[in-house]
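This report refers to the structure that appears directly beneath it.
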Amino acid sequence: MKKLKRAFTIVELVIVIAVIAILAAVLIPTLTSLIEKANESSDTVLAKNMNTILSTTDYEEDKSDRMTDTLYLLNENGYSLENMNPTADGNVFVWDSAANRIVYLDKEGMVIYSENNAYTDVASMVANAKGYLWVTVGSMEDIQKWSALDLYFSSDIGGTDTTLELNDSSLDTSAFQFLGTVKYGADAKNVSVYGSVAEMVIDSPNATVTNYSRAGTVTINQIADHSYHENGSVDNLIVAGTVSDANVVIEERGIVQHIIVESSAANVTNKGYIKEIDAQSQTITNQGGYIETSNNKSQGDPNPAEGYVLSIDSYKELALFRDSVNNGTTYNGMTVRLTADIDISGWAWHSIGITDRNAVKNDHEVGSVFQGTFDGQGHTINGLSNTGFDVTDLDPGKNSTTPAEYSEVVYGFFGSIYGATIKNVKLSNVNIDLAYNTEQKLLGDSIGALVGFAYSDDDSVPVIIENCQVVSGKIQGYDAVGGIMGRFYNKSNAANTGYLRMTDCSNAAEIIAYRRASGVLGYMYYYGQLTNCTNSGNVTSMPYQNDPAKAVGTDNKTPNMSYYYAAGIACTSANKNLVLNNCKNTGVITAEKLIGGDESKPRTDVYVSDLANCSGKDYGAL
């Protein structure tokens with residue numbers, strides 16, 4: 001008879017379970033601690049590597065103190081925004097803007113790593129740092145935890161009923177929005193606000209507050225005599241009757257749609273732009289600024305005869321102007337001037353005006369679209385490049401010609417403009433590569449060094465481009481790629497060539513597109529005229545077979561070759577009125593010679609000329 005094996009008794013099982021529990025109680029925390037230390041060690045190496053990259057900009061005179069530019073620089077070298085969230089749970093990286101270095105903190109706010117052991121904890125950082133201490137936050141919980149530091153948004157936070165109470169923290173919503181109310185209290189001393197906020201309330205008797213943001217309403221209840229400085233754009237600025245002995249200054253770049261000064265003790269000065277002073281307001285002193293409607297509530301300087309003009313002489317000023325447009329300020333009726341050459345080669349450039357082209361066509365009052373006058377005064381922007389930023393920061397769109405599964409983005413020094421005038425600008429060493437992003441399913445449609453996409457639906461507000469040159473570089477995109485401008489559209493119910501007026505412009509950059517490419521104007525739909533424009537750069541529309549999303553006809557089979565053209569000056573559509581006056585191309589123009597790349601089917605339509613008409617009609621070498 002087979003002998004049965006003896007089983008565990010209940011007592012023995014209890015003992016085994018107890019032993020396992022004891023071992024788990026001892027080993028699991030030890031294992032967790034080992035994993036955490038390993039993660040912290042890895043994060044420390046990451047911080048050191050990022051600091052090595054940051055150190056390359058230490059000696060630049062025009063160094064940015066914006067977190068956005070730092071992220072672009074790091075991203076260009078393989079460190080994305082996600083890298084600003086350490087692998088060790090709850091820990092954070094902080095960018096010390098003055099030192100231009102990353103500091104690594106644990107979840108309790110103790111410093112794990114700072115270069116040269118500059119800090120020990122959050123308190124020592126706040127006490128000793130000479131600039132911003134930016135930390136990325138993605139929730140109200142993050143904000144509450146790190147409220148002693150300066151807050152950089154990594155997502156939209158809060159709703160319209162959310163109140164964000166801050167002490168001495170600067171705020172940057174970056175490409176996102178805060179839809180609630182930002183309230184600064186009695187402990188605020190020296191803070192700045194960037195990005196986009198719906199409402200801001202200042203109850204800070206000891207503070208100097210500088211606003212660079214696009215804000216709906218700003219209410220100043222209390223402020224130190226060092227004052228409030230408006231450098232952004234505000235719909236409604238209220239200086240309450242509770243304000244005493246304080247200075248409120250609308251700086252040169254400040255734009256205020258409506259202002260009411262209820263306090264007779266406040267000293268309010270305008271150096272920027274005010275659309276209207278409330279009829280019930282106390283008097284405002286105009287000091288070189290522009291007041292459209294004063295209601296007899298201003299004193300000091302008269303308005304300048306040329307209207308409101310914003311002068312830009314550095315990368316920092318240029319970036320602030322860009323961000324103002326991208327947060328919704330159109331500059332309609334205003335002039336922006338360059339007063340110096342500006343080198344932007346150290347940063348990935350985020351276009352001025354990022355709204356998708358279809359959104360601009362549908363409603364140019366919505367989104368981020370430049371509508372003013374930009375005068376470069378003959379100065380040069382050097383080093384325009386998209387290399388380094390995440391293309392998802394742009395405003396993607398889609399239309400009937402966009403390949404399936406993909407979205408498109410516009411790009412240029414200016415991304416999207418409506419009825420704007422741009423003149424006397426030079427661009428050198430341009431490097432744009434926005435053809436296909438297979439990972440993020442995005443492609444560059446409407447790509448130009450100066451302007452990506454331009455639109456006008458009224459010939460009384462045409463798009464005017466004068467005396468602009470692209471002197472060197474390379475521009476690559478998917479469709480509608482041009483040296484000066486990528487794509488121009490206007491309404492179709494009237495034959496008027498005044499919608500687009502491009503004069504005395506030239507391109508010497510190489511142009512490459514999967515589809516339509518031109519030396520000056522990548523693609524135009526309907527009416528416009530180019531005068532005295534030249535191209536010397538080589539222009540290539542790549543072979544049909546190279547296009548990952550090959551265009552086909554209505555049968556979803558036959559190659560649609562109307563998307564594959566190259567031109568020295570411009571591409572346009574069938575029977576559309578683009579007039580070329582004294583324009584000349586000397587660049588080498590290359591395009592697909594076969595239908596669908598089939599060697600047995602040579603193209604009989606025109607695929608290369610100074611002006612390529614995408615119906616197959618050749619306007620000839622002009």
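Taken together, the values in this text are just the output of simple stated rules run on the coordinates, not laboratory data. Note that the coordinates shown come from a computational prediction; the quantities given were computed from them, not determined experimentally. Glycine also receives a Cβ, built like all others from the backbone with ideal geometry; neighbour counts cover every protein chain displayed.
Please give me, ordered by residue number, the GluC sites (Glu not before Pro) of the stretch 69-113 that lie in loop per DSSP and have at most 15 other Cβ atoms within 10 Å.
GLU108
Given an 8 Å cut-off on Cα distances and at least 6 residues of separation, report the relative contact order of the chain as a percent.
6 percent
Taking the Cβ-Cβ separation of ASP555 and LYS398 as r and a Förster radius of 25 Å, what is the calculated FRET efficiency to the nearest 0.05?
0.65
So how much slack lies between PHE176 and ASN296, counting 0.36 nm per residue of separation and subtracting their Cα-Cα distance, in nm?
In short, 39.4 nm is gained.
What distance in nm lies between label points placed 7 Å from Cα along the C-beta direction at ASN77 and ASP504?
Reported label-point gap for ASN77 and ASP504 is 4.3 nm.
Using mean Cβ contacts within 10 Å as the protection proxy, how do 202-209, 281-288, 413-420 order, highest first?
413-420, 202-209, 281-288
Considering the zone a paramagnetic label at THR285 would reach in this model (a point 7 Å from Cα along the Cα-to-Cβ line), which residues of the stretch 201-235 have amide N under 19 Å from it?
Residues 209, 223-231 fall inside that zone.
Using alpha carbon centroids, what distance separates the stretch 109-165 and the stretch 394-462, in Å?
With the stretch 109-165 and the stretch 394-462 each reduced to a Cα centre, they are spaced 35 Å.
Remind me, relative contact order of the stretch 395-515 in percent, using alpha carbon pairs under 8 angstrom and six or more residues apart?
About 28 percent, as a whole number.
Grab the beta carbon distance between GLN257 and ASN303, set R0 = 22 Å, and tell me the FRET efficiency rounded to 0.05.
0.85
For the chain, return all DSSP H helices satisfying: extent of Cα atoms along own axis at least 18 Å; mean Kyte-Doolittle hydropathy at least 0.5.
Helices passing the filter in the chain: 10-54.
Would you calculate the separation in nanometres between label points at ILE17 and ASN85, each defined as 7 Å from the Cα along the Cα-to-beta-carbon direction?
That separation, rounded to one decimal, is 3.9 nm.
In percent, what relative contact order does the stretch 175-272 have, based on Cα pairs under 8 Å that are 6 or more apart in sequence?
20 percent
Can you tell me the length gained on complete extension of the stretch ASP225 to VAL461, counting 0.36 nm per residue apart and subtracting the Cα distance?
So the extension gain works out to 80.6 nm.
Bin width 10 Å, alpha-carbon pairs only: give the P(r) of the stretch 166-311 as whole percents, running from 0 to the bin holding the largest distance.
Taking all Cα pairs of the stretch 166-311, the binned fractions are 13, 46, 33, 8, 0 percent.
Residue separation times 0.36 nm, minus the C-alpha to C-alpha distance between ALA359 and GLU405: what's the value?
Result for the pair: 14.6 nm of gain on full extension.
Per DSSP H run of at least 4 residues, take -39500 (n - 2.57); add these up for the chain, divide by its residues and hand me the 222 nm value, nearest 500 deg cm²/dmol.
Rounded to the nearest 500, the figure is -4500 deg cm²/dmol.
For the pair ASN117/ASP156, report the inter-label distance in nm, with labels modelled 7 Å from Cα in the Cβ direction.
Using points 7 Å along Cα→Cβ, the separation is 4.7 nm.
Here are some values of log10 I(q)/I(0) by the Debye sum over Cα atoms at q = 0.07, 0.11 Å⁻¹: (1) -0.57, -1.23; (2) -0.52, -1.07; (3) -0.44, -1.09. Which one was computed from this structure?
Looking at log10 I(q)/I(0) by the Debye sum over Cα atoms at q = 0.07, 0.11 Å⁻¹ for this model, the match is (2).
Hand me the GluC sites (Glu not before Pro) from the stretch 387-488 located in a DSSP loop with no more than 15 other Cβ atoms within 10 Å, in residue order please.
Hits after loop and neighbour filter: GLU405, GLU439.
Report the semi-axes of the equivalent ellipsoid for the stretch 276-347 in whole Å, largest first, where each axis is √(5λ) for an eigenvalue λ of the Cα gyration tensor.
Output for the stretch 276-347: semi-axes of 30, 14, 10 Å.
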